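Student: Input: one structure, supplied below.
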Amino acid sequence: MSREYPDYARVGVGAVVLSRGRVLLTRRGKPPAEGRWSLPGGLVELGETSVEAARREVEEECGIKVRIGGLAGVLDRVTRDADGRVRYHWVLVDYLAFPETDDDTITAGDDAAEVRWVPIDKVDRLLTTDGLMDMIRRAVALAPGGGA
C-alpha cells in the first residue's frame, strides 16, 4: 500500500533518544516533511511490536542500539491535500529511549539524510516536524534526571 493517499491509517513509531542533555534527531530524506528534523522512526512491520519497531528503526536510521524507557506519547497526524482528500494518515507511537552504550558514534542510513545529536535547548533553532519539541518535553519529563 502506498504511504500517500492510503486506504487506512498507517502505524508508525519514533524514539526520543536522550543522552547527556541531547536528543538524537534525523533530517528526513523523503516525503512527508522532507528536509525537516525529526525523531528516528518509521512504520511498524507485520508481526513486529511497536517497541521492536522503534528499536529497529533507530538502528537502521542512526546505526545505534537503544533500550526503550517508556511510552512518551501517541498522536495522530492527518495531512489533507487542497481538495480535502487524505494524503497521509499516521498514528504515531513515540517512545523514550537511551543508547545502549556510551559511544556517541552515529551514522545516517535508510531514509535519513543526516543524523545528529542536538542539545535539547537548541532544537528550536532547527526546521523541525510539527510537535517535535512537545514530544521531546514529554520524554524528558519521563527520563530519570530529566535526560541529563
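Student: For VAL78, indicate whether it is surrounded by 12 or more Cβ atoms within 10 Å (Cβ to Cβ) and not small (Gly, Ala, Ser). Can you show your working first?
Tutor: On the way: surrounded by 12 or more Cβ atoms within 10 Å (Cβ to Cβ): no; not small (Gly, Ala, Ser): yes.
The answer is no for VAL78.
Student: Moving on. Out of VAL23, VAL44, VAL93, report the one residue that is surrounded by 17 or more Cβ atoms within 10 Å (Cβ to Cβ), more than 24 Å from ALA141 (Cβ to Cβ) and touching a helix residue (DSSP H, G or I) at 6+ places or on another chain (Cβ under 6 Å). Give the steps one after another, and end with the answer.
Tutor: Values: VAL23 fails: more than 24 Å from ALA141 (Cβ to Cβ); VAL93 fails: more than 24 Å from ALA141 (Cβ to Cβ).
Among VAL23, VAL44, VAL93, only VAL44 is surrounded by 17 or more Cβ atoms within 10 Å (Cβ to Cβ), more than 24 Å from ALA141 (Cβ to Cβ) and touching a helix residue (DSSP H, G or I) at 6+ places or on another chain (Cβ under 6 Å).
Student: Another question, if that's okay. Test each condition in (1) over 14 Å from the mean Cα position of the chain (by Cα); (2) closer than 30 Å to ASP102 by Cα; (3) outside any loop (DSSP other than H, G, I, E, B) for GLU45 and report the one that comes out false.
Tutor: With respect to (1) over 14 Å from the mean Cα position of the chain (by Cα); (2) closer than 30 Å to ASP102 by Cα; (3) outside any loop (DSSP other than H, G, I, E, B), GLU45 is out only on (3).
Student: Look at GLU100 and say whether it is acidic (Asp, Glu) and closer than 13 Å to GLY14 by Cβ. Give the derivation first.
Tutor: On the way: acidic (Asp, Glu): yes; closer than 13 Å to GLY14 by Cβ: no.
Considered against the rule, which asks whether it is acidic (Asp, Glu) and closer than 13 Å to GLY14 by Cβ, GLU100 comes out as no.
Yes/no per residue for (1) small (Gly, Ala, Ser); (2) at pLDDT below 90; (3) within 17 Å of LEU127 (Cβ to Cβ):
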residue	(1), (2), (3)
MET1	no, yes, no
TYR5	no, no, no
GLY12	yes, no, no
VAL17	no, no, no
ARG22	no, no, no
THR26	no, no, yes
GLU34	no, yes, yes
GLY42	yes, no, no
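Student: Okay, next question. Scan segment 103-148 for residues that are among the small types (Gly, Ala, Ser), assigned to a strand (DSSP E or B) and out of contact with any Ser or Thr (no Cβ under 6 Å at 6 or more places or on another chain) and jot them down. Break it down stepwise before answering.
Tutor: Restricting attention to segment 103-148, the residues satisfying the condition of being among the small types (Gly, Ala, Ser) are 108-109, 112-113, 131, 139, 141, 143, 145-148.
Okay, now just the ones that are also assigned to a strand (DSSP E or B), so 112-113.
Matches in segment 103-148: ALA113 only.
The values are calculated or read from the model by the stated rules, or taken from the named source; none is laboratory data. No experiment lies behind these values; they were computed from the predicted model shown. Cβ coordinates were reconstructed from backbone atoms using ideal geometry, including for glycine residues, and neighbour counts include every protein chain displayed.
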